[in-house]
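A short reminder: the numbers here are calculations on the coordinates, not readings from a lab. Because the structure is predicted, anything quoted here is derived from the model rather than measured. Cβ placement follows ideal geometry from the backbone for every residue including glycine, while neighbour counts extend to all protein chains displayed.
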Amino acid sequence: MKILITGASGFLGKHVVAEAIRKGHQVRAVIRPSTDEKSIIWHNHPSVELSRIDLRRKSGITDALKDIDGVIHLAAAKEGDFYTRFAGTVIGTENLLDAMVKVGVLRLVCISSFAVFDYNNIPKGSTIHEDSPQETNPLLREEYAQTKLIQEKLVYEFEETHKAQVTIIRPALIYGRNNLWSTLLGGRLTDNLWLRIGAHATMPLTYVENCAEAIILAVESKEAIGQTINVIDDNLPTQRTYVKKLKKRTNALPKMIPVNWTLMRSIAVLMWAYNQKFLKGQAKFPGIFYPGTLDTRFKHFRFSNARAKNILNWTPKYSLDTALDISCREVEFIDIPNSTLPLYPSPSQQLDISNQEVKSNIPSLINSPIPSPIPQVSTNSNS
Amino acid sequence: MITLDKKPGINTEETPAFPNKIIKSAVIGAGAISKEHLSFLSKSENVDLVGVCDLSRIAAKYAQERFGAKGYFTDYQKMLEVAKPDIVHILTPANTHKKIASDCLKAGIHVFCEKPIAPTYDEFHELYNLAQSYQRHLIENQNYCFNKEILAIKKLVADGIIGEVQEVEVRLVAPIRNGGAFADENLPNPIHQMPAGVIHDFITHLCSLIVRFIPDFQTCNALWSNHGGGDLFKYDDLDAVVIGGSSHARIRFSCHTSPKCFSVIVRGSKGYVETDLFQPYLRCVIPRGGELLSPMINHFINGCNFIGATFSNFRNKIMQQTAYEGIYTLLDETYEALIHEQDLPISFEDMERTNKLINLLLLEAKKV
């Protein structure tokens, strides 16, 4: 297939492109105009063509879609206020979908998020799956969830109106190199001090390479058309287990003040009730003092990846231990097949590192950068 | 003062402009600043929010649903025809204001426009003359002049507490180069196309505050710099001194100092008063209790005020009251004035003086 991948230079995007190359696809990778292409390992791979556009404006998108069989839409804004995220996530998607309709490209794999579920009203201990209720009052949620919910609506509308072939992938929290510490563990007080909330909740995680593989399987799969699929790894750790495993591999964890989950939630509920009753809901507290946000991150749930396994025939390749080992290595390897190799390399060929990325992008938790002649890859996810 | 001629629909003797005291309002541009306007419009009893327009359909739709507008549009001309607003809030990028405002005025609709209303002084006059010829109101948003602290300073001046105004200093520090919309090279902000570049986004605030205390100037020295370099920013620093009669004003914009602040100091013949609109407080140093005790009493009173400001700023942060608080007072007074056919809170003179001062500063840039 010839695939257009937006957000290609981001944390997940660079792995999705690498996986697409490994699977023999031709990729048109959308990167932002100011992105330094030399920082991306696959920038000059023969299977990759770079397209420098910013999805927040319409110009250039239809050209980028020329001869494309399918689109993997990863680009989203993960930082900034609501309107910054709205522009990056929602308007970017609107412009992309409009262009797809214009040129008649109607196969889309859109990357949404686990953030869209109504964790506040889903009973504790329930299993979160694709048909779990979605948040019905987005204004009670953080900006990321708000914009992802609007994005999903746009995509469903696109599917319905234009009879488009859509797959929505909802990854759990994606971890990997430079993204090991997580808001599922607590709330940040200062740069190096966190409130660690709870210890026994199961963390909905997916390792970045596992997730990338599922996304490529989705774009290849006819069965995935018309489906919404959660992507989440097997054998999920509790918060405590995850921190223990991380501690074994790095010393540079932030300091933590542990807080009991029940106590924290009681405080949040009290503050919420006070806000509603006496402050007319006008007060804005930090996210961890909102029951909705707190439940999203720390409430005890179980998670199912049955649909991903059934439809995509996907099994997470990397266990948590392996993924953490890879993520904490001093150098990063992204294996992509050498251009002289067959399009579908054998497993042994896949291990060939002759065209591997070797970079000094050390996890932020480790303070020992190693000089490398090869530039770092940007981990910014916006394109 | 220039006043509007009487005409049907605005100030006739037979029929009040808005007999049922409801004004049909619409908004063009659903970006970040629209939140402030729409928050007011959706709550005001004097407003019937008939439409929201944005080039992005989803942005217009979101704003319509979020703030309860009657309709949403992607073509403002269509909105003017279909929704028939009495007043339109123009919240689009600055380089589009003149065209959209002209079209609205020609359609017989009052205009409340975000700053800067026009790129140049001449274009401001052109627009204002158009408003006059169509007997419509044209209002530039100068919201910071309506923040509580500025209103308090104006009262101190009006009451003669600090004496005759001798000096005004307005200093705005904003990290425009540290990421964010202004530093975005992927989608350069349209404000970069304005004569003062990014500083044009702030200059109306700076100048509108100055002219509230010193209305006219004869001498101007302004240094426009691009200390950070690069092609994206035309200027990132302004240091200006302007003199009107014997009164001096200092206008300062910086992105190389920190923290963020919007400091206003007004010095009079008897004392001075200062505030920071981003972390509001009011420090007033005036003669209190004789020459000997005055410094001590001023310290004590201002110390208490500082402590009070700490708590009120904390409360404001929790209650989501931002430095934009003045816009709610301004809009409320504007709509009341429109309904009751009274003088608007921002007069032609306010806008004329502000844009004249901006012009003076820009002329200095051209000299370089």
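The table below lists the values:
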| read-out | value |
| --- | --- |
| Max mean-square fluctuation residue, GNM over chain A, Cα-Cα springs under 10 Å, options A:LEU55, A:LEU180, A:LEU279 | A:LEU279 |
| C-alpha center-to-center spacing [the range A:256-329, the range A:164-186] in angstrom | 13 |
| Separation of alpha-carbon centers, the range B:166-180 and the range A:204-255, rounded to whole Å | 44 |
| Choice from A:ALA273, A:ALA306, A:ALA252 showing the highest fluctuation, given a GNM over chain A with Cα pairs closer than 10 Å | A:ALA273 |
| Selection from A:ALA29, A:MET264, B:GLY289 lying farthest towards where the dipole of the protein assembly as shown points positive, charges on Cβ | A:MET264 |
| Cα gyration tensor, the range B:247-291 - rounded (a/c under 1.5), prolate or oblate | oblate |
| Inter-label distance, nm, simple model (7 Å from Cα along the C-beta direction), B:ASN221/B:ASN95 | 3.4 |
| Segment B:THR322-B:GLU185, extension gain: residue separation times 0.36 nm, minus the distance between their alpha carbons | 46.5 nm |
| Those aspartates and glutamates that a straight Cα-Cα span of less than 20 Å connects to A:LYS309, excepting residues fewer than 8 apart in one chain | A:GLU19, A:GLU130, A:ASP131, A:GLU209, A:GLU213, A:GLU220, A:GLU223, A:ASP233, A:ASP234 |
| Residue-averaged 222 nm ellipticity for chain B, from DSSP H runs of 4+ at -39500 (n - 2.57), nearest 500 | -12500 deg cm²/dmol |
| Proximal aspartates and glutamates to B:LYS43, defined as alpha-carbon separation beneath 13 angstrom and excluding residues fewer than eight positions away on the same chain | B:ASP332 |
| Euclidean distance of C-alpha centroids, the range B:310-355 and the range B:222-279, integer Å | 22 |
| A:VAL17, A:VAL208, B:VAL266 arranged by Cβ crowding within 10 Å, fewest neighbours leading | A:VAL208, B:VAL266, A:VAL17 |
| Out-of-range pairs (alpha-carbon distance over 30 Å; input A:LYS148/B:LYS115; A:LYS248/A:LYS299; A:LYS153/B:LYS35) | A:LYS148/B:LYS115 |
| Length-normalised contact order of the range B:60-166 in % [C-alpha pairs under 8 Å, at least 6 apart] | 19 |
| For A:ARG28, distant residues with modelled amide H under 5 Å away | A:ILE3, A:LEU4, A:ILE5, A:GLU49 |
| Rg and Dmax [Cα atoms of chain A; Å; Rg one decimal, Dmax integer] | 20.6, 69 |
| Debye, to nearest 20: dipole size of chain B, +1 on Lys, Arg Cβ, -1 on Asp, Glu Cβ | 600 |
| Per-residue mean of C-beta atoms belonging to partner chains within 10 Å, peptide B:180-186 | 5 |
| Equivalent ellipsoid dimensions for the range B:1-141 as semi-axes, Å, which come from the Cα gyration tensor, largest first | 23, 19, 12 |
| Coil-residue chymotrypsin sites (Phe, Trp or Tyr not before Pro) of the range B:55-84, DSSP, other Cβ within 10 Å capped at 10 | none |
| Contact order normalised by residue count of chain A, Cα under 8 Å, 6+ apart, percent | 23 |
| Candidates B:ILE100, B:ILE297, B:ILE327: whichever shows maximal mean-square fluctuation once chain B is modelled as a Gaussian network with Cα springs under 10 Å | B:ILE297 |
| Contact order normalised by residue count of chain B, Cα under 8 Å, 6+ apart, percent | 17 |
| Chain lengthening between B:HIS340 and B:CYS261 when straightened (0.36 nm per residue, less Cα-Cα) | 24.8 nm |
| Normalised convex hull volume, the protein assembly as shown, alpha-carbon set, Å³ per residue | 189 |
| Dipole magnitude of the protein assembly as shown about its Cα centre (Cβ charges: Lys, Arg +1; Asp, Glu -1), debye to nearest 20 | 2060 |
| Aspartates and glutamates with Cα under 18 Å of B:LYS367, excluding same-chain neighbours fewer than 8 positions away | B:ASP236, B:ASP237, B:ASP239 |
